[in-house]
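So the structure is just underneath, and the comments pick up after that.
The values are calculated or read from the model by the stated rules, or taken from the named source; none is laboratory data. Here the structure is a predicted model, which is why all the values come from computation and not from measurement. Positions of Cβ are backbone-derived with ideal geometry, glycine not excepted, and every protein chain shown enters the neighbour counts.
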Amino acid sequence: MTLRHTLSRRQLLKSATAAGLALAASPAFAAEPIRIGFAMSLTGPNAGAGKMFLVGREIWRDEVNAKGGLLGRPVEFVYYDDQSNPSLVPGIYSKLLDADKVDLVVSPFATNQIAPAMPVIMQKKMTFMALFGTGVNDDFKYDRYFQILPNGPDGNRSFSTGFFEAAMNMDPKPRTVALAGEDSEFGHNILLGARANAEKAGLKIVYDRGFPPNAADHTPIVRAIQASEPDIVFIASYATGSVGMVRVVNELGYKPRMFGGAMIGLQFTPIKAQLGPLLNGVVINENYVPEKTMNFPGVEDVLRRYQQRAPSAGTDPLGFWSPFSYAEMQILGQAVAAVGDLDQGKLAAYLHQTPFKTVIGDVKFGPLGEWEKSRILYVQYQNIQGNDINQFRQPGKAVILYPPDLRSGALIYPLAKAQTH
């Protein structure tokens, strides 16, 4: 069962009366449900990802309930649309914990939404499974935070490591780099790591600036980068910036030796379909692509079930990231079953000490709740023809360049060659 609510700013400050009535109207259960609360971006610019991740969580919930629930109790979701607005997040989690009295909490999607929830979560001493945050716990150092994105112990640097590793395999090696990131917590964190990786690689940074997350025209940014004449270009952006940058690079005919970065949004099917061949040659971070090196046990089954639900849910038809929201719930469910109750301290201790088998592979958390070892992918789009989304189901369209143990192909460079390969 799910209780979904849409809140305005004013409603977030109201009492729990409406929520209490909604719960009272729910069907009766033989046992009191375990209620799991969260915010999720179901409207606004992050909604494409938010809806996809929600379906992944729902697949896990329905599977668990079909098997008798957790601790013999049905699982129920209580969630609110954060409207892709970070300022709404603290109020949502206060309401979930103070008014809705949920038993467990998991995070919204993305760094910018997760970070504002942390003070509330920490005050209530809740165990917190986080969905795709980067560097969120670096300053908080909260010992009940656990993060499903495979950043590794140094999330800021690992989010660009694969890009620079691939770049330094070019012959001749690049000498200069341009860095541009949106002016947000995500952009700041990613560029912090990119600077360190560039320095480690011996690259000279010839451009290093931010840009507004809601920028409507990215032409001035790309022209400024072009004027600095870098060998390679690294961008840190969410969907609006990612799409804008790719379009402008193609419109201007700008052809550095290598272009890409931590460009969130380019991984989502509707955007792939929209951009089509404009993606050729772009090198970006990924978490899952249908290359043969990533066929983990159970992942194809989750994707099959997701893709069956996607049309009615109105979400990404391929949903390659949905197994991560399934896996975070899979881990939480395993912890609850093993501990035998909902004690937050016991759950956190178990999550710290235990290696988990999941549909996205083996997961072991380190001291700050990140993966003990990074597994951020860097892929290059190759041989994209037209705008048919079915081509992205095939191997060879998003070729894994990094890490070496999952590599499925070679970098095509320079960018001009990859665009016409």
(message) Tell me whether the range 155-173 contains one or more residues that are part of a helix (DSSP H, G or I), among the basic types (Lys, Arg), under 30 Å from GLY369 (Cβ atoms) and within 20 Å of the chain's Cα centre (by Cα).
(response) yes
(message) As an exercise: evaluate SER84 against (1) on the phi < 0 side of the Ramachandran plot; (2) out of contact with any Asp or Glu (no Cβ under 7 Å at 6 or more places or on another chain); (3) at pLDDT 95 or above and give the number of the one condition it does not meet.
(response) (1)
(request) Tell me, please, whether a residue that is part of a loop (DSSP other than H, G, I, E, B), assigned by TED's automatic domain parsing to the domain that holds GLY386 and either surrounded by fewer than 18 Cβ atoms within 10 Å (Cβ to Cβ) or not hydroxyl-bearing (Ser, Thr, Tyr) (or both) can be found in the range 334-343. (result) no
(request) Return yes when ARG57 is part of a helix (DSSP H, G or I), basic (Lys, Arg) and at pLDDT below 95 and no when it is not. (result) no
(request) Being of a type in the set (Ser, Thr, Tyr) and either in contact with a helix residue (DSSP H, G or I) (Cβ under 8 Å, 6 or more places away or on another chain) or within 21 Å of GLN419 (Cα to Cα) (or both) is the filter here, so list the residues in the range 212-258 that pass it. (result) THR219, SER237, TYR238, SER242, TYR254
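Here's the yes/no breakdown for (1) in contact (Cβ under 8 Å) with a residue 12 or more places away in the chain; (2) closer than 29 Å to HIS188 by Cα; (3) under 19 Å from the mean Cα position of the chain (by Cα); (4) crowded, with 22+ Cβ neighbours inside 10 Å:
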site: GLN226; (1), (2), (3), (4): yes, yes, no, no
site: GLU229; (1), (2), (3), (4): yes, yes, no, no
site: PHE234; (1), (2), (3), (4): yes, yes, yes, yes
site: LEU266; (1), (2), (3), (4): yes, yes, yes, yes
site: LEU279; (1), (2), (3), (4): yes, yes, no, yes
site: ASN285; (1), (2), (3), (4): yes, yes, yes, yes
site: VAL289; (1), (2), (3), (4): yes, yes, yes, no
site: ASN295; (1), (2), (3), (4): no, no, no, no
(message) Looking for something of a type in the set (Lys, Arg) and at pLDDT below 95 - is there at least one such residue anywhere in the range 144-165?
(response) yes
